[in-house]
Amino acid sequence: MDKIRKLAGAHTLLYCIVAEILFLLVLTGTGWIIAVVYPQGDYYVQLFLQEALGTVFACGMLWVSGLLPVLKNRGCGFWRGLLTGAYILAISAFTIVVMPLAYEGEKILRPIPLLMAYLGCMLCVGMAEEFTFRGVIATLLLRKFGTDAKGIHKAVVVAGVLFGLVHLGNAVAGSWEGALIQAAVASAMGMALTAMYFRSGCIWVTVFLHALLDVAAGITTGLFGNETLADTIASYSPVNLLGALPYLVVLLVLLRKKKIREVQENMGQLM
């Protein structure tokens, strides 16, 4: 175990890339197994099982990397930390309310157990991806690059790009064009989420915000079961790239010069 942790410190970027690849392989492999064992299952039930196993793997990565304290670090606190995600809170609330009202298809709610599976799935997505990309990858990168302004910015950019790249895996079930567009937007979102994590010092803030954002993104599929996430991704066009701009603005606001000290204070115990 000590050797793995020394490797993470000595070859941080390589370690982060390997962690990302393993995460993707675990999700892909468990997805295939679940599809074979439970072929007639509801889409979101299958995805919930897949992401739950992904969360277990992510917890294992935290443990192997010596980063379980990430789960206990409070930083500025959960509720105060949510203020860093004001944009995500606002856009998610708007989408959750407006999209079902504007939906023009047949509005027949899925059964309650399947609605719960949808919500559970999105929570597991938030935990699996945040534990991996913020808890492991972003924390290790911040240790490597340092907590001065330059180091923080480098850690945010690299963590965001790695987060975006993992979404290319969605091309398997969707389309390459849609996956590339999603990856570009996800990179900007990953940078913003990393900035929120660094500013709050609390991983549970980004878990909640990430899960809420995913609930909003798939709200009509979750409520009415009209299509899958793969269908949604396949429908992306270059216009969707505009969705990256607000995240870049949020990033600049969160990491402006006078706020760097907050990162140092809230992440200090993890360094």
| query | In segment 25-71, what count of residues is obtained for those that are aliphatic (A, V, I, L, M), in contact (Cβ under 8 Å) with a residue 60 or more places away in the chain and open to solvent by 60 Å² or more (accessible area, probe 1.4 Å)? | reply | 0
| Quick one: which helices (runs of 4 or more DSSP H) sit completely within segment 6-97 and have at least 2 residues that are in contact with a strand residue (DSSP E or B) (Cβ under 7 Å, 6 or more places away or on another chain) and not small (G, A, S)? | none
| task | Go through (1) within 20 Å of A188 (Cβ to Cβ); (2) loosely packed, with under 15 Cβ neighbours inside 10 Å and name the single condition A93 misses. | result | (1)
| Residues A216, A188, A211: which one is farther than 28 Å from L114 by Cβ and not charged (D, E, K, R)? | A188
| Which residues, counting only those in segment 225-270, are surrounded by fewer than 19 Cβ atoms within 10 Å (Cβ to Cβ), modelled with pLDDT under 90 and either more than 20 Å from the chain's Cα centre (by Cα) or among the β-branched types (V, I, T) (or both)? | N226, E227, T228, T232, S235, S237, P238, V239
| Failed item in (1) closer than 24 Å to A52 by Cα; (2) among the small types (G, A, S); (3) over 12 Å from the mean Cα position of the chain (by Cα), with A128 passing the rest | (3)
| query | In segment 139-154, which residues are of a type outside the set (V, I, T) and touching a residue at least 40 places away in the same chain (Cβ under 8 Å)? | reply | L140, L141, L142, R143, K144, D148, A149, H153
| message | Among the residues of segment 74-88, what is the count of those that are under 13 Å from Y197 (Cβ atoms) and small (G, A, S)? | response | 3
| query | What do you reckon, is A179 at pLDDT 95 or above, open to solvent by less than 10 Å² (accessible area, probe 1.4 Å), small (G, A, S) and out of contact with any Gly (no Cβ under 7 Å at 6 or more places or on another chain)? | reply | no
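The values are calculated or read from the model by the stated rules, or taken from the named source; none is laboratory data. Remember, it's a predicted structure, so these values are computed and weren't measured experimentally. Positions of Cβ are generated from backbone atoms using ideal geometry, with glycine treated the same way; all protein chains shown enter the neighbour counts. Each accessible area value is taken on the protein alone, full model and side chains, heavy atoms only, with ligands, DNA and RNA left out. Shrake-Rupley method; radii C 1.70, N 1.55, O 1.52, S 1.80 Å.
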